[in-house]
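J.: The structure that follows is given in the form of structure tokens.
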Ligand code: TRP
Ligand code: ZN
């Protein structure tokens, strides 16, 4: 079954369990220069109830079979069939355990897809999720086949003094000839996608950790030679994550060792292999000279995310890949909660909502739309999406809102208890919360199955005579590309009724939709709620903390919104109401710029933003969020149709300058107060001070020119401040000598540090001018650039396509064609990365006609290419659909 090699559609409805169980995987991996030999001895058993003559069909991918034995005897030629994609064995015992020994040999050095076993800077490492294990050995490579593993690694001691795999360390020893071996035992049954091995000359940072029940665990972070000193923050984040999961969810670590390995060539952020997490080194290696505050926050989040997978993903895994959100949505929810507790909950929520709107909303509103739990796919790699991860986390968050904190925790406890050691489904998960909360989540479950962003419209009327407020609520879900249903959903709306004194008023819901504490449960297409006992007309603060992933349309006057921006006790909503006001103004200004009309910004709105920035009652990081205005992609998304990125850019630039001029004294004061001189500390509060100081510098530069940014660039004592200045120079003053000086200085300073050069590539690739197409083309042949490394491909080509509306959508189509040509080159090397970058075309239909036609033509031409990988073809074809 489940064969994606030809890109056929895999359907949830076709799911059935395997005919065979694998109890034990006993592997020996011999690593040599240019070759790896793998011997896998499987202990198997035919599942009771399956046909006694059913053959065993194992998955492979680009494999050649070297050897095959059944219970120690070579299998007769007429009893098996081997191809690169499959190994089919017939005549197997009807009952009882038997062993099958499979020999394969591969060349890790030639593995440019970075799936399976490959080499990165000389280090042997693996990536098996989702279907990489089948590139190492023939196997039932699906997540519902759980086995215990014993792994013996052999390698040259000089090339690979460190030999790691999952589980606890076992026997080690010498083999003569300069070779040695190490054995690893993983007692926890796991699916093959969690298999990992690492071998190489690595440095290590080790620290002990005592779990809540007093067990000793050895924590280790492995890096390339000379880099272990950059792993201290990652180690600290790991310990905090472990402690937090004990406190918040009662989850304890379960092996004697926990290792993280930082690798330079890696397809995604990181991977939660049991006891042996493998990371893109970007999410491990830090120090103040090379990493920004954003990098620190990213490391903390990813370390936590992968660690939390040990329970949500590993101990309880997924029945099939359709259940991906079971581990990913839940684990993102958990890492968001961790960051909220470690930093500011409001600021964390704002940044999660920004990410959701920037990445998930366009996906949900375009041709790549799919539900949180998809029911079909052609290439599973393309479903590691913002919908599965981030909307998946929102759905878990809504469950917590609907149940309340205590019942939610009971539901999680029940889930861990009931499904530990199993491959579970979304239905299993939901049932735990229905039982723990005593609630019916049938309607709620539509969030997993119906794609699209619902719109919730709210209008209000207050009757001073009866002192009643009536809210009329309406929900709508448009049919989209996924073709899933549009039935009304259960939408939890957190709200407050704010009095003129800035406090929430006590009100009793007298009629209409169910109201529970500060949550309205909207379940019908249209509902009203009547609140009584309101001495004055309240300001309605709706969708507090973004309690549901919807588009909110409030029928609310500008005066009320501006009042809420000053008064709402819910800080998140103060940010949101201002962002909505600014967003509306930017849409109008963009349309005016496009039609040659006059652009004016309502001074009440710009003044409100400046006033919030000046408000010392808020912490600096929150004020910095208020000043981070909606970006050009976000404005384009809000416009939704006939988008001209040049007009959007003009509008946005003019707004920056308007605010810069009007807020000048405020920004100067903020610079004085918060521009840091002292020693660097990565904590959230210090980061907040740097953030507001740098955003103030940005606004001041729009008025005063590049001099201050140049000074900050040259004198910066940490990467956060240097990058902020560098970005201002290149993005705002790209044609001035100051920018050119900074570009060459930056390269010289950091020419040996690939992670910093990634920033250099990205800043140049995202400079909002048409000529950036040519700049990026030139950078392609820079010695520090290679398409083979995913970080390089992402930071140059990916950033250009995803974060440079003006140049990517250049009117003459040069940006589209440039990216398409690079996609073809990249596709031959690493289809997964090519497919990911190609998703930047997803919003092409909302462009103005000329650009829309250019994008369509480019995609159509790609689609005609017979050599496209399944990965890239899937994205291109769905984008055109
Ligand atoms: N499970 C990983 C995570 O979210 C995702 C991942 C890492 C991945 N590497 C991958 C998915 C390669 C697909 C392919 O933590
Ligand atoms: Zn994950």
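Rule-based calculations on the coordinates, nothing more; no lab input. Keep in mind that this is a model prediction, so the values were computed, not measured. Glycine also receives a Cβ, built like all others from the backbone with ideal geometry; neighbour counts cover every protein chain displayed.
J.: Would you mind stating whether residue 209 is touching a strand residue (DSSP E or B) at 6+ places or on another chain (Cβ under 7 Å) and within 16 Å of ligand 2 (Cβ to nearest atom)? Spell out the reasoning first.
T.: Working: touching a strand residue (DSSP E or B) at 6+ places or on another chain (Cβ under 7 Å): yes; within 16 Å of ligand 2 (Cβ to nearest atom): no.
Considered against the rule, which asks whether it is touching a strand residue (DSSP E or B) at 6+ places or on another chain (Cβ under 7 Å) and within 16 Å of ligand 2 (Cβ to nearest atom), residue 209 comes out as no.
J.: Additional query: It is to be established whether one or more residues within the stretch 440-453 are more than 30 Å from residue 12 (Cα to Cα) and without any contact (Cβ under 8 Å) to a residue 24 or more places away in the chain. It would help to see each step written out before you state the result.
T.: Quick first cut of the stretch 440-453, residues more than 30 Å from residue 12 (Cα to Cα) only: none.
Scanning the stretch 440-453 turns up no residue that is more than 30 Å from residue 12 (Cα to Cα) and without any contact (Cβ under 8 Å) to a residue 24 or more places away in the chain.
J.: Could you list all residues from the stretch 299-337 that are outside any helix (DSSP H, G or I), near ligand 1 (Cβ under 9 Å from one of its atoms) and without any contact (Cβ under 8 Å) to a residue 40 or more places away in the chain? Even if it seems obvious, please write down each step before you answer.
T.: Quick first cut of the stretch 299-337, residues outside any helix (DSSP H, G or I) only: 309-320.
Then drop every residue that is not near ligand 1 (Cβ under 9 Å from one of its atoms), which leaves 309, 313.
Residue satisfying the conditions is 309 alone.
J.: Identify the single condition in (1) in a loop (DSSP other than H, G, I, E, B); (2) within 30 Å of residue 557 (Cβ to Cβ); (3) under 31 Å from the mean Cα position of the chain (by Cα) that residue 441 does not satisfy, given that it satisfies every other one.
T.: Evaluating residue 441 over (1) in a loop (DSSP other than H, G, I, E, B); (2) within 30 Å of residue 557 (Cβ to Cβ); (3) under 31 Å from the mean Cα position of the chain (by Cα) leaves (2) as the failure.
J.: I need a count of the residues in the stretch 236-288 that are closer than 20 Å to residue 169 by Cβ and in a helix (DSSP H, G or I).
T.: Qualifying residue count, the stretch 236-288: 2.
J.: Something else about it: Kindly indicate whether residue 836 is out of contact with any helix residue (DSSP H, G or I) (no Cβ under 6 Å at 6 or more places or on another chain), part of a helix (DSSP H, G or I) and within 16 Å of ligand 1 (Cβ to nearest atom). Talk me through it step by step, then tell me what you get.
T.: Details: out of contact with any helix residue (DSSP H, G or I) (no Cβ under 6 Å at 6 or more places or on another chain): yes; part of a helix (DSSP H, G or I): yes; within 16 Å of ligand 1 (Cβ to nearest atom): yes.
Spelling it out, residue 836 is indeed out of contact with any helix residue (DSSP H, G or I) (no Cβ under 6 Å at 6 or more places or on another chain), part of a helix (DSSP H, G or I) and within 16 Å of ligand 1 (Cβ to nearest atom).
J.: Look at the stretch 104-116 and say how many of its residues are away from ligand 1 (no atom under 14 Å from the Cβ) and free of Cβ contacts under 8 Å to residues at least 60 places away in the same chain. Break it down stepwise before answering.
T.: Residues of the stretch 104-116 away from ligand 1 (no atom under 14 Å from the Cβ): 104-110, 112.
If we keep only those that are free of Cβ contacts under 8 Å to residues at least 60 places away in the same chain too, we end up with 110.
Count: 1.
J.: Please work out which one of (1) assigned to a strand (DSSP E or B); (2) buried (at least 19 other Cβ atoms within 10 Å of the Cβ); (3) out of contact with any helix residue (DSSP H, G or I) (no Cβ under 7 Å at 6 or more places or on another chain) is the condition residue 223 fails and give its number.
T.: Going through (1) assigned to a strand (DSSP E or B); (2) buried (at least 19 other Cβ atoms within 10 Å of the Cβ); (3) out of contact with any helix residue (DSSP H, G or I) (no Cβ under 7 Å at 6 or more places or on another chain) one by one, residue 223 breaks only (3).
J.: Still on this structure, I have one more. When both residues are 6+ apart or on different chains and their Cβ atoms are under 6 Å apart, which pairs have a first residue that lies in the stretch 648-669 and is free of Cβ contacts under 8 Å to residues at least 60 places away in the same chain, and a second that is in a helix (DSSP H, G or I) and surrounded by fewer than 18 Cβ atoms within 10 Å (Cβ to Cβ)?
T.: Between residues of the stretch 648-669 that are free of Cβ contacts under 8 Å to residues at least 60 places away in the same chain and residues that are in a helix (DSSP H, G or I) and surrounded by fewer than 18 Cβ atoms within 10 Å (Cβ to Cβ), the close pairs are 660/703; 661/703; 666/614.
J.: Looking only at the stretch 254-294, filter to residues that are under 17 Å from residue 308 (Cα atoms) and in contact with a helix residue (DSSP H, G or I) (Cβ under 6 Å, 6 or more places away or on another chain); which one of those is farthest from ligand 1 (Cβ to nearest atom)?
T.: Here the answer is 284.
J.: Name the residue, out of 582, 635, that is free of Cβ contacts under 8 Å to residues at least 60 places away in the same chain, surrounded by 21 or more Cβ atoms within 10 Å (Cβ to Cβ) and closer than 30 Å to residue 674 by Cα. Full working, then the answer.
T.: Working: 582 fails: free of Cβ contacts under 8 Å to residues at least 60 places away in the same chain.
The match here is 635.
J.: Would you pick out the residues in the stretch 338-350 that are touching a helix residue (DSSP H, G or I) at 6+ places or on another chain (Cβ under 7 Å) and away from ligand 1 (no atom under 16 Å from the Cβ)? It would help to see each step written out before you state the result.
T.: At the first step, the residues of the stretch 338-350 found to be touching a helix residue (DSSP H, G or I) at 6+ places or on another chain (Cβ under 7 Å) are 338-344, 346-350.
The answer is 340, 341, 342, 343, 344, 346, 347, 348, 349, 350.
J.: For the stretch 293-309, which residues satisfy the criterion of being touching a strand residue (DSSP E or B) at 6+ places or on another chain (Cβ under 9 Å) and within 11 Å of ligand 2 (Cβ to nearest atom)?
T.: 302, 305, 306, 307, 309
J.: Filter the strands (runs of 3 or more DSSP E) completely within the stretch 519-570 down to those with at least 1 residues that are more than 32 Å from the chain's Cα centre (by Cα) and buried (at least 19 other Cβ atoms within 10 Å of the Cβ).
T.: Details: elements: 519-522, 526-532, 539-542, 551-554.
Here the list reads 526-532, 539-542.
J.: Going through the stretch 266-292 one residue at a time, which ones are more than 15 Å from ligand 2 (Cβ to nearest atom) and under 18 Å from the mean Cα position of the chain (by Cα)?
T.: Those that are more than 15 Å from ligand 2 (Cβ to nearest atom) and under 18 Å from the mean Cα position of the chain (by Cα): 281, 282, 284.
J.: Could you say whether any residue in the stretch 117-126 is closer than 28 Å to residue 309 by Cβ, in a loop (DSSP other than H, G, I, E, B) and either in contact (Cβ under 8 Å) with a residue 12 or more places away in the chain or in contact with a strand residue (DSSP E or B) (Cβ under 9 Å, 6 or more places away or on another chain) (or both)?
T.: As a first pass, look at the stretch 117-126 and keep what is closer than 28 Å to residue 309 by Cβ: 117-126.
Imposing the further condition that a residue be in a loop (DSSP other than H, G, I, E, B) reduces the set to 121-122.
Checking the rest, the ones that are also either in contact (Cβ under 8 Å) with a residue 12 or more places away in the chain or in contact with a strand residue (DSSP E or B) (Cβ under 9 Å, 6 or more places away or on another chain) (or both) come to 121-122.
Yes, the stretch 117-126 has at least one match.
J.: Follow-up. Could you please let me know if residue 368 is more than 16 Å from ligand 1 (Cβ to nearest atom) and not in a strand (DSSP E or B)?
T.: Working: more than 16 Å from ligand 1 (Cβ to nearest atom): yes; not in a strand (DSSP E or B): yes.
For residue 368, the condition - more than 16 Å from ligand 1 (Cβ to nearest atom) and not in a strand (DSSP E or B) - is met.
Quick grid of which residues meet (1) on the phi > 0 side of the Ramachandran plot; (2) exposed (fewer than 15 other Cβ atoms within 10 Å of the Cβ); (3) more than 44 Å from the chain's Cα centre (by Cα); (4) not in a strand (DSSP E or B):
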residue: 49; (1), (2), (3), (4): yes, yes, no, yes
residue: 66; (1), (2), (3), (4): no, yes, no, no
residue: 81; (1), (2), (3), (4): no, yes, no, no
residue: 88; (1), (2), (3), (4): no, yes, no, no
residue: 93; (1), (2), (3), (4): no, yes, yes, yes
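J.: Got at least one residue in the stretch 506-516 being buried (at least 21 other Cβ atoms within 10 Å of the Cβ) and under 17 Å from residue 459 (Cβ atoms)?
T.: No; the residues of the stretch 506-516 include none that is buried (at least 21 other Cβ atoms within 10 Å of the Cβ) and under 17 Å from residue 459 (Cβ atoms).
J.: Of 659, 635, which residue is touching a strand residue (DSSP E or B) at 6+ places or on another chain (Cβ under 9 Å) and either under 23 Å from residue 294 (Cα atoms) or part of a helix (DSSP H, G or I) (or both)? Please lay out each step first, then the result.
T.: Details: 659 fails: touching a strand residue (DSSP E or B) at 6+ places or on another chain (Cβ under 9 Å).
None of the other options fit; the residue is 635.
J.: Related question: Output the number of residues of the stretch 127-149 satisfying the condition of being closer than 17 Å to residue 114 by Cβ and not in a loop (DSSP other than H, G, I, E, B).
T.: 4
J.: So how many residues does the stretch 371-393 have that are closer than 20 Å to residue 834 by Cα and either more than 11 Å from ligand 1 (Cβ to nearest atom) or part of a loop (DSSP other than H, G, I, E, B) (or both)?
T.: So the count comes out to 7.
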